[in-house]
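Q: Got a structure here, written out as C-alpha cells. Questions coming.
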Amino acid sequence: MRIAIVPGSFDPITKGHVDIIERTGKLFDKVIAVVLVNPTKKPTFTTEERVDMIKRVTGHIPNLEVDSYSGLLADYARMKGAQTLVKGLRAVSDFEYEFQQALTNKILNPDLETMFMMTNQKYMYLSSTIVRQIAAFDGDISEFVLPEIKDDILERI
Ligand code: PNS
C-alpha cells in the first residue's frame, strides 16, 4: 500500500492545507495528516484542538487518517510504513526551509522520499500565521479557513 504523510503544525488548518491533503489523497492509497511539534513555533492551539479541527474539515476524504506525534517525522514515517512525505510549496521563500528539512529527513530515513506539491494559486500567500493575524485584528477569515472551524479560531484569538 502506498502511504503518504502530510506533516505540519496546522495551527490552525487552512484551506490551503485542505487542498494539499485532498490532492494527495487522490494520488496515494492512504494519506496521513499528522500534527507535529515545530520547535521554532509556539502554538496557539493545543495538539488535540488541532487534530480535532483537521478532522472536522476533512471528513469528505475517505482514505485520510489524522494523527499527532511528538517525535521526529522520519521516525514516524518508518513506524507508519509510509514511503512519501508531501509538502505544499508556495512562494520561493518556502524553498530554503523545505530543502533543509527534506535533506535532513533523507539522512534520518533514507527510504523516505519528500515530494513537493505546488500550491493552488488561490492559496499562494495563505498561511496559518496570516489567518491568526487577520483574526487578531477582527478581520474576516472566511476566505482562508473552512466554516466548520471559523468560530473556534475567532473565539481563541
Ligand atoms: O507547518 P510547519 O510548522 O512548517 O511544519 C514543520 C514540521 C512540523 C513538519 C517540522 O517542524 C517537523 O518535522 N517537526 C518534527 C520534528 C522533526 O522531525 N524535525 C526534523 C525535521 S528537519
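Q: Among the residues of segment 110-127, count how many are of a type outside the set (S, T, N, Q) and in a helix (DSSP H, G or I).
A: Number satisfying all stated conditions: 2.
Q: Follow-up. Which of the residues spanning segment 59-96 are within 16 Å of the ligand (Cβ to nearest atom), open to solvent by less than 20 Å² (accessible area, probe 1.4 Å) and not in a helix (DSSP H, G or I)?
A: If the condition is that a residue be within 16 Å of the ligand (Cβ to nearest atom), open to solvent by less than 20 Å² (accessible area, probe 1.4 Å) and not in a helix (DSSP H, G or I), then Ala82, Thr84, Leu85, Val86 are the ones that fit.
Q: Among residues belonging to segment 117-157 that are farther than 20 Å from Thr58 by Cα and in contact (Cβ under 8 Å) with a residue 60 or more places away in the chain, point out the one that is most open to solvent (accessible area, probe 1.4 Å).
A: Arg156
Q: Here's another thing I want to ask about it. Considering (1) more than 21 Å from Arg132 (Cβ to Cβ); (2) within 13 Å of the ligand (Cβ to nearest atom); (3) part of a strand (DSSP E or B), say which one Ala4 fails and leave the rest.
A: Only one criterion in (1) more than 21 Å from Arg132 (Cβ to Cβ); (2) within 13 Å of the ligand (Cβ to nearest atom); (3) part of a strand (DSSP E or B) is unmet by Ala4, namely (2).
Q: May I pose another question? Can you tell me how many residues within segment 7-34 are more than 16 Å from the ligand (Cβ to nearest atom) and in contact (Cβ under 8 Å) with a residue 12 or more places away in the chain?
A: 7
Q: Being touching a strand residue (DSSP E or B) at 6+ places or on another chain (Cβ under 8 Å) and surrounded by fewer than 19 Cβ atoms within 10 Å (Cβ to Cβ) narrows it down to one of Lys30, Lys42, so name that one.
A: Lys30
Q: Let me confirm something: among Arg2, Arg78, Arg50, which residue is under 15 Å from the mean Cα position of the chain (by Cα) and of a type outside the set (A, V, I, L, M, F, W, C)?
A: The unique qualifying residue is Arg50.
Q: Kindly indicate which of Ile153, Ile130, Ile54, Ile107 is assigned to a helix (DSSP H, G or I) and touching a Pro at 6+ places or on another chain (Cβ under 6 Å).
A: Residue meeting the stated conditions: Ile153.
The values are calculated or read from the model by the stated rules, or taken from the named source; none is laboratory data. Nothing here was measured: the structure is a model prediction, and the numbers come from that model. Neighbour counts run over all protein chains shown; Cβ positions are idealised from the backbone, glycine included. To get the accessible areas, we keep the full protein, side chains included, count just its heavy atoms, and leave off ligands, DNA and RNA. Shrake-Rupley method; radii C 1.70, N 1.55, O 1.52, S 1.80 Å.
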